[in-house]
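See structure below.
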2 protein chains.
Amino acid sequence: MNTQTIRVNEIFGPTIQGEGALIGQPTVFVRTGGCDYRCSWCDTLHAVDSAYRDDWHPMTPAAIMMQVEILSGHCPLTVSLSGGNPAIQPLGGLIDLGRKEGYRFALETQGSIARDWFRDLDVLTLSPKPPSSGMVTDWQKLAECVEAAGPSTQLALKVVIFDENDYAYAREIASRYPQQSLYLQPGNHTPPAPDQEDGVIDMAGIMDRMRWLIDRVTTDRLYSATVLPQLHTLIWGNLRGV
Amino acid sequence: MNTQTIRVNEIFGPTIQGEGALIGQPTVFVRTGGCDYRCSWCDTLHAVDSAYRDDWHPMTPAAIMMQVEILSGHCPLTVSLSGGNPAIQPLGGLIDLGRKEGYRFALETQGSIARDWFRDLDVLTLSPKPPSSGMVTDWQKLAECVEAAGPSTQLALKVVIFDENDYAYAREIASRYPQQSLYLQPGNHTPPAPDQEDGVIDMAGIMDRMRWLIDRVTTDRLYSATVLPQLHTLIWGNLRGV
Ligand code: SF4
Ligand code: SF4
């Protein structure tokens, strides 16, 4: 039995996945604590900033799956592993355990750390961070993450876009990985403070940015891209745990 | 050369697909005129009501593809065939022609008329109409449409939901077709009049209905369903041609 513990920030759901390849699909989220990045516009600082590490609970895979099964009413669905950066946690045992019960696993990470257990994922979303984040992409690490996907892993690339530089970065991603599906998502200019549950959302600003992004993608004939908002932000604002 | 004409209400794009299986993907829309239904809440009456038939232009497949190629800059993408009910038009020749040029074809219909050329579609969305529409589903016809999908046709079911009766109808669809992907979409309570381009949208009402629907789906463990809004309505309201 795998008893290596995972630092868990929160487990919640079922709710719908609000972003990317699984948008609209029912899911339970397991959010892990800790991240190797510090993006300027991070909207999950409570799972990143070590000031909040007392809220990250060490849990075994069995304890996590028990919680997931209670929330899902013991009916298998997709479990979304997010963070922080979930790739810094030892998640292989959890995935093994859950898959035996019929659960599917999706993971989203910035692509800075590749793990051999990525091959056991049903969906791997790599979300490399554009210039506005203040982070610098390690292209070699990103390539290792792409290669770590298994034969039955659905791979998706996702780029959050705040400005023209970010859009140029997304085009760079598209040209490096022309065969992979690419999701573009307007950034949330009004992320919550880490101790704030329900900051007001600039809905009109998000929609302006959707229109701008759709215009750029169609004008540039970047037809391989899919443009989607953060649906949960539109529905619930910055409220957590929904 | 296929010169059988198709009654076209409008051709526009590229823009993103706002609904269902292809949500967020760049597409050119070909909207045909005429429908065998009269849903109480139809939001495309300009393509349904024969009072507007003077705006439906008979076009050959070649003329339609020329327009699609101009709009798409001769870069192949997905063409969305919608209506009205596009199944009442002879679209097989258009699909053949466009596929030779590398275009992909998606069609959405209520599932009242099956066509042998459905098998050539890349995506077939069947959107049977729930009780609030005032229409009655012919289950035999719907089954014929499901069977008309080809081996490489991605089939999706979609139900627009206004109330509890509609939701019960969606569950009936889910139990009849447990293997098919099912999209649930809150209805637009504020559809435009046929001669009105930009009626005001009840955005808060749509989001309330999203929350209700997500709550129902997760409470009932209907995990096979995907819950999505009409994205284009959120972005552009009832504005046409975007
Ligand atoms: S990678 Fe994600 S979790 Fe980490 S700091 Fe950036 S936005 Fe926050
Ligand atoms: S089937 Fe569609 S186009 Fe026809 S009346 Fe109903 S909503 Fe309108």
Original post:
Hey, any hits in the range B:48-58 for a residue that's more than 14 Å from chain A (Cβ to nearest Cβ), touching a residue at least 40 places away in the same chain (Cβ under 8 Å) and on the phi > 0 side of the Ramachandran plot?
Top reply: no
**OP:** Restricting attention to the range B:142-192, report how many residues are over 23 Å from B:M207 (Cβ atoms) and either touching a strand residue (DSSP E or B) at 6+ places or on another chain (Cβ under 8 Å) or crowded, with 20+ Cβ neighbours inside 10 Å (or both).
**Re:** 15
Subject >> Qualifying residues in the range B:200-224 (those that are more than 19 Å from A:L234 (Cα to Cα) and at the interface with another protein chain (Cβ under 7 Å from one of its Cβ atoms)) - the one least open to solvent (accessible area, probe 1.4 Å) >> reply: B:Y223
Original post:
Among the residues of the range A:75-83, is there at least one that is modelled with pLDDT under 95 and out of contact with any Asp or Glu (no Cβ under 9 Å at 6 or more places or on another chain)?
Top reply: no
Original post:
Can you name the number of the only condition in (1) within 14 Å of another protein chain (Cβ to nearest Cβ); (2) open to solvent by 40 Å² or more (accessible area, probe 1.4 Å) that B:V136 fails?
Top reply: (1)
Subject >> Breaking point among (1) more than 16 Å from ligand 1 (Cβ to nearest atom); (2) in contact with a strand residue (DSSP E or B) (Cβ under 8 Å, 6 or more places away or on another chain); (3) closer than 22 Å to A:A21 by Cβ, for A:P128 >> reply: (1)
Original post:
Can you find even one residue in the range B:46-65 that is of a type in the set (F, W, Y) and more than 28 Å from B:P131 (Cβ to Cβ)?
Top reply: yes
**OP:** Provide a single number: the residues in the range B:42-86 that are within 16 Å of ligand 2 (Cβ to nearest atom) and either among the small types (G, A, S) or more than 24 Å from B:Q110 (Cβ to Cβ) (or both).
**Re:** 7
**OP:** Out of the residues in the range A:35-65 that are modelled with pLDDT of 95 or more and small (G, A, S), state the one that is surrounded by the fewest Cβ atoms within 10 Å (Cβ to Cβ).
**Re:** A:A62
**OP:** Please work out which one of (1) modelled with pLDDT of 85 or more; (2) open to solvent by 10 Å² or more (accessible area, probe 1.4 Å); (3) of a type outside the set (S, T, N, Q) is the condition A:L231 fails and give its number.
**Re:** (2)
Original post:
Under the condition of being within 14 Å of chain A (Cβ to nearest Cβ) and within 14 Å of ligand 2 (Cβ to nearest atom), which residue from the range B:1-41 is farthest from B:K129 (Cα to Cα)?
Top reply: B:F29
**OP:** Determine the pairs where a residue that is away from chain B (no Cβ under 14 Å) and on the phi > 0 side of the Ramachandran plot, located within the range A:102-116, has a partner that is open to solvent by less than 10 Å² (accessible area, probe 1.4 Å) and away from ligand 2 (no atom under 16 Å from the Cβ) with Cβ atoms under 6 Å apart, the partner being 6 or more residues away or on another chain.
**Re:** A:G111/A:L126; A:G111/A:P128; A:G111/A:L142; A:G111/A:C145
Original post:
Restricting attention to the range B:70-101, and to residues there that are free of Cβ contacts under 8 Å to residues at least 40 places away in the same chain and open to solvent by 40 Å² or more (accessible area, probe 1.4 Å), which single residue is farthest from the other protein chains (Cβ to nearest Cβ)?
Top reply: B:K100
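The values are calculated or read from the model by the stated rules, or taken from the named source; none is laboratory data. Just so you know, these numbers come straight off a predicted model, no measurement behind them. Ideal geometry is used to build each Cβ from the backbone, glycine not excepted, and the neighbour counts take in all protein chains shown. Protein only, heavy atoms only, side chains kept; ligands, DNA and RNA dropped before computing areas. Shrake-Rupley method; radii C 1.70, N 1.55, O 1.52, S 1.80 Å.
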